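The structure appears below as structure tokens.
Readers should treat all values here as calculations from the given coordinates under stated rules, not as data from a laboratory. Everything numeric here is computed off the predicted structure, so don't read it as measured data. In this analysis, Cβ positions are derived from the backbone assuming ideal geometry, glycine residues included, and neighbour counts consider all displayed protein chains.
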Amino acid sequence: MPKRMIGPFTGLSGLSAIDVNTADDLDILERCDLINGVLAEAGCNCNGHAAGHQRDEHWGGDLSELVCRCTAHEISGVDDNGTPISETVSIKIETLRVEVDGNNEICAWVYEES
């Protein structure tokens, strides 16, 4: 069965910004839990779910990374001429979509950055 996209998710629209550098740990965990609930409501499963060998049943590592990347952070790279560049970006969590396989297991996280 081919892969397909799910999202963006209405449960993630209109969320207030969260800065992981200043936010309370509980607020960060609640944001991760909210995203987890939205994914579960959409029927998304973690890798290995169909075989009964879940790697990270609640996407703890992935969701904490997504929430951290919602805070403005600097990325570095090179342009087409090889010149080093850096830019400040953040994930727009309201644009989150996931690519799932035939078992609704998430294969990729897709989102826009500022």
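Pairing the Cα long axis of helix 25-41 with the longest principal axis of the chain, what angle in degrees results, from 0 to 90 and rounded to the nearest 10?
That helix lies at roughly 50 degrees to the long axis.
Just the C-alpha atoms of the chain: what Rg/Rh do they give, with Rh taken as the Kirkwood radius?
Details: Rg = 15.7 Å, Rh = 15.4 Å.
When Rh is taken as the Kirkwood radius, the ratio is 1.02.
Counting helices only, and only those DSSP H runs with n ≥ 4, report the 222 nm mean residue ellipticity of the chain as the sum of -39,500 (n - 2.57) divided by its residues, in deg cm²/dmol to the nearest 500. List each step's numbers first, then the result.
Details: 2 runs with 27 residues, N = 114.
So the calculated ellipticity at 222 nm is -7500 deg cm²/dmol.
In the stretch 1-37, what trypsin sites (Lys or Arg not before Pro) fall in a loop by DSSP, with at most 12 other Cβ atoms inside 10 Å? Can you show the working numbers first?
Working: sites: 3, 4, 31; in loops: 3.
Answer in residue order: 3.
Anyone know which of 43, 77, 61 comes out most mobile in the 10 Å Cα GNM of the chain?
77
Measure nothing fancy, just the Cα-based angle from helix 60-69's long axis to the longest principal axis of the chain, in degrees from 0 to 90, nearest 10.
The angle comes out near 30 degrees.
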